[in-house]
Structure formats: C-alpha cells, structure tokens
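The values are calculated or read from the model by the stated rules, or taken from the named source; none is laboratory data. These numbers come from a predicted model, not from an experiment. Positions of Cβ are backbone-derived with ideal geometry, glycine not excepted, and every protein chain shown enters the neighbour counts.
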C-alpha cells in the first residue's frame, strides 16, 4: 500500500486538484476486484471518504470496458433511487494504474451473516431485489449491459471436459439443462445484479444501506437473480429463510411468470458449486453441500412435475 500511496494521490488530484489525500487502506473481502479506502481533505476543510475499485484480470478479460460499464450503471441505479454507491470518477487512461479504476462513494456498513432479526433481514433483502427488478428499463439506454442468459449458456459449454463434482450431480444438472435450452422467454428483461448474495449487501444498525459489487450485472430474466439469491440464502441462513425470502419476493413481483424458476435454480446450482475454492471449514462445507443437493433435488422434481 505504501508503494501505491503516490498513485492514489495522483488519482484524487484528477478528481479534484484541491483535494489532499490523508490516508489509504486496503479493504478486505474483495475477490474479483482490489478495493481501497481513501480519506481526503477538501479545500473547504471537510474530510470525506471514497472507495477505489480496480477490477481483476478475469473480469477485464471478459469485458475490457467493465469499469466504464459499472460506473455508468451505478449512475443509473443511483438516479433510480436504489441504495448503491454514488460513482464519482472513472480513470480509464491507465496513466495512474495499469488498469482502469473507479472512485465511488464510501458507505459505512458491512455484510451481516448473523442478523439480530432474521425475518426483517430477509424482508429487506427481498424488497431491494424487487426494487432492482422494477427499474423501468424501457426508459433507459442499457445496450452496454450484456445479456446474462448468454453467459449462462456458456457455463454449460465451459463444463465440457472439466472434472465435475459428481457428489453434487453436476453432470446430471448440465445435461438436463442442455436438453431444455433455449428456455422460452416468459418475463421482460430487467437489470440483474448477477451476484445478489449476503456478502454484497452492506448493513448498518440492522438497515440495508448499500448493494455493492455490480461487475456481474447484465440484462435478463429476473428469475436468474432470484434463483442465485435463493441458494445463497439457503447456504447462509437455512431453508426457512430461503422460503420466506421467496414468498416475500413473489408478493412484490406479481407480474412475473415463475414457470422457469426451477431451470434458473439449476443454473444457480452449477454456478455455486466450487466449494473447495471457498475455503470453508469442513463441517460447513458438508452442511452446504447437503443444502445444495436438497436445492437441486427440489428443482428437478418441480421440472418433472411440470
């Protein structure tokens, strides 16, 4: 961090020549991006904080414009009244760092995996996912966002020849999905977060204050987001919490057709199956694998019933 302090000074000078950098510190928890906190002194004497986000190589390879896209999307979502960090500046010239980076709002809060009131916690998660999906895309220019269904299709192909964890029935899931692809569209495209899970939600005093990390966002069926969130909530909070989350979300999204939900649940199960990479304690890994299998079993049963 000391070696890069001068670079952060250059960055804030690009934002505002009158700002003085006081300190910079690495923020833990980011996997796909390097996240740094900055404290600065404005010429007015006011102390402010911001976040620097530098996307990782994998994200940049997938989308070289990912920084500009996230900056633009955050502006759209902020204008729509969603609890997301305000984007302040994007540095694309790579004059300061070797990669593009974003300067965004610093929001006091942190993920909460042990909420004091789980029912209210789940309700707020459902409310805010519904808010994302209710953003009126017809009035917005969103052609810069990818179609996430394309990446889901690529997920099936990318597993060809790979070693799959057959204790999780991943080959069965993949083959079943391939036999039903492409899915018939039943809902209007909406903005998708792409990775709406408890680790990407900031809380302060039991209130949801920010939804972060939008690098996986795109356009698609809202059920893709719902399914991903269902499995993450099942992992972290259990079956009752997942059921409650689903009921609450459905009550706010009456216009949706949920017929294809089991297919999106199987996609979520494929996506969230790399347990060895998560560094879990063995007991937690075993527990989550059981929940994963139960989630898959219910989805397959529902497909067969339909």
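Here are a few things to note about the model shown:
- Selection of segment 70-105 for residues being more than 17 Å from the chain's Cα centre (by Cα), surrounded by fewer than 17 Cβ atoms within 10 Å (Cβ to Cβ) and assigned to a loop (DSSP other than H, G, I, E, B) yields 80, 81, 92, 93, 94, 95, 98.
- Restricting the search to helices (runs of 4 or more DSSP H) fully inside segment 206-306 and requiring at least 2 residues that are within 30 Å of residue 52 (Cα to Cα) and within 19 Å of the chain's Cα centre (by Cα) gives 222-237, 261-271.
- Residue match in segment 90-98 (condition: under 18 Å from residue 211 (Cα atoms) and out of contact with any helix residue (DSSP H, G or I) (no Cβ under 7 Å at 6 or more places or on another chain)): no
- Residue in segment 141-149 that is part of a helix (DSSP H, G or I) and touching a strand residue (DSSP E or B) at 6+ places or on another chain (Cβ under 6 Å) present: yes
- Any chance residue 245 is at pLDDT 95 or above and farther than 21 Å from residue 124 by Cα: no
- Some residue of segment 168-190 being assigned by TED's automatic domain parsing to the domain that holds residue 290 and touching a strand residue (DSSP E or B) at 6+ places or on another chain (Cβ under 8 Å): yes
- The residues on offer are 292, 236, and the sole one that is within 19 Å of residue 167 (Cβ to Cβ) and in the same structural domain as residue 124 (by TED's automatic domain parsing) is 292.
- Residue satisfying condition, being at pLDDT 95 or above, over 20 Å from residue 237 (Cβ atoms) and over 16 Å from the mean Cα position of the chain (by Cα), within set 121, 134: 134
- Tabulated pairs, segment 151-170, first at positive phi, second at pLDDT 80 or above, C-beta under 9 angstrom, 6+ apart or interchain: 169/269; 169/293; 169/296; 169/297; 169/300
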